[in-house]
Amino acid sequence: MTIADQDRPSGRPETKRLALIDGALRIFAKDGYARAGIDDIAREAGVSTRTLYNHFGSKAGLFEAVIQASATRVAQSQIAVMERHLSAATDLDADLAAFGGALLASRADHPEHFALIRQIRADQAHIPRPAIERWQQAGPLRVRHALAQHLARLGEKGLLRLDNPDRAAVHLLALIATAIEPFAATPPSAADIEAAVAAAVRVFLRGCCGRAGPVG
């Protein structure tokens, strides 16, 4: 589902704006910020370059709108995953592992967004700082804050021992994100992902929350 399909208003100007954001997301994800051409973006969106400039003013303004819209959509998806797996968590090993697996699986629903994030990290020096800040606020920081709230509630229930829920959220997200890095050259199987995420959760529970037990 595109951003335009997800939230398509009845007014034609706003429909064009959302079509531009969708088209620009595809081009920025493929070419990166510096190499993406305004003509290519307008062609992909099916509008004129004049329409593009009327809506966003500049390539930088368009990129900022794209990354904010895409990050917001992905954050909503990831927070929904948290709600499903952590709202009633009781078995931390099983529930956090299920959450981590579902979080990684949800990336497949947003391939262009994560392709764009790879482009941002590779080309960060050429990307306007306001766009980076909008991405962080709409996406990673929002997700981290939501996870910190879930972890704090687990602490209040006596299921976790942690001094800083926000820092614990940073650690857990990093462990989950890097769990499948050893499989970068070859797509991991479902069993590989499950085992890697389970190990990451054990590291988190032992290292961040005082839980003893085997790591590997």
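The values are calculated or read from the model by the stated rules, or taken from the named source; none is laboratory data. What you are looking at is a predicted structure, and each value in this text was computed from that prediction instead of being measured. For neighbour counting, all protein chains shown are included, and Cβ atoms are generated from backbone atoms with ideal geometry for every residue, glycine included. Accessible surface areas use protein heavy atoms only, side chains included; no ligands, DNA or RNA. Shrake-Rupley method; radii C 1.70, N 1.55, O 1.52, S 1.80 Å.
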MRE, 222 nm, helices only [DSSP H, n ≥ 4, -39500 (n - 2.57), over the chain, to nearest 500]: -24000 deg cm²/dmol
Between helix 165-178 and the chain: long-axis angle, C-alpha atoms, 0 to 90°, nearest 10: 80
Under Karplus coefficients 6.51, -1.76 and 1.60, residue-wise ³J(HN,Hα) of region 147-164 in Hz, glycine/proline x: 5, 4, 5, 5, 5, 4, 5, 5, x, 5, 7, x, 8, 10, 10, 8, 8, 9
The chain: C-alpha gyration tensor shape, a/c 1.5 cut-off, then a/b vs b/c: prolate
Relative contact order (%) - criterion: Cα under 8 Å, at least six apart; region: the chain: 20
Cα long-axis angle, helix 111-122 against the chain (0 to 90 degrees, to the nearest 10): 90
Heavy-atom accessible surface of the chain: percent carbon and sulfur, 1.4 Å: 51
Sequence of Arg121, Arg73, Arg144 when ordered by accessible area, the most exposed leading, probe 1.4 angstrom: Arg121, Arg144, Arg73
Rounded accessible area of Ser87 (nearest 10 Å², 1.4 Å probe): 60
Highest-fluctuation residue, Pro111, Pro165, Pro187 considered, GNM on the chain with Cα pairs under 10 Å: Pro187
Cα-based reach from Lys30 at 25 Å (exclusive), listing lysines while leaving out same-chain residues under 8 positions away: Lys16, Lys59
Per-pair calculated FRET efficiency, R0 = 41 Å: Ser58 and Ala190 via Cβ, rounded to 0.05: 0.40
Per residue solvent-accessible surface (Å²) - region 133-175, probe of 1.4 Å: 55
Tilt relative to the chain, helix 190-209 - C-alpha long axis, 0 to 90 degrees, to 10: 70
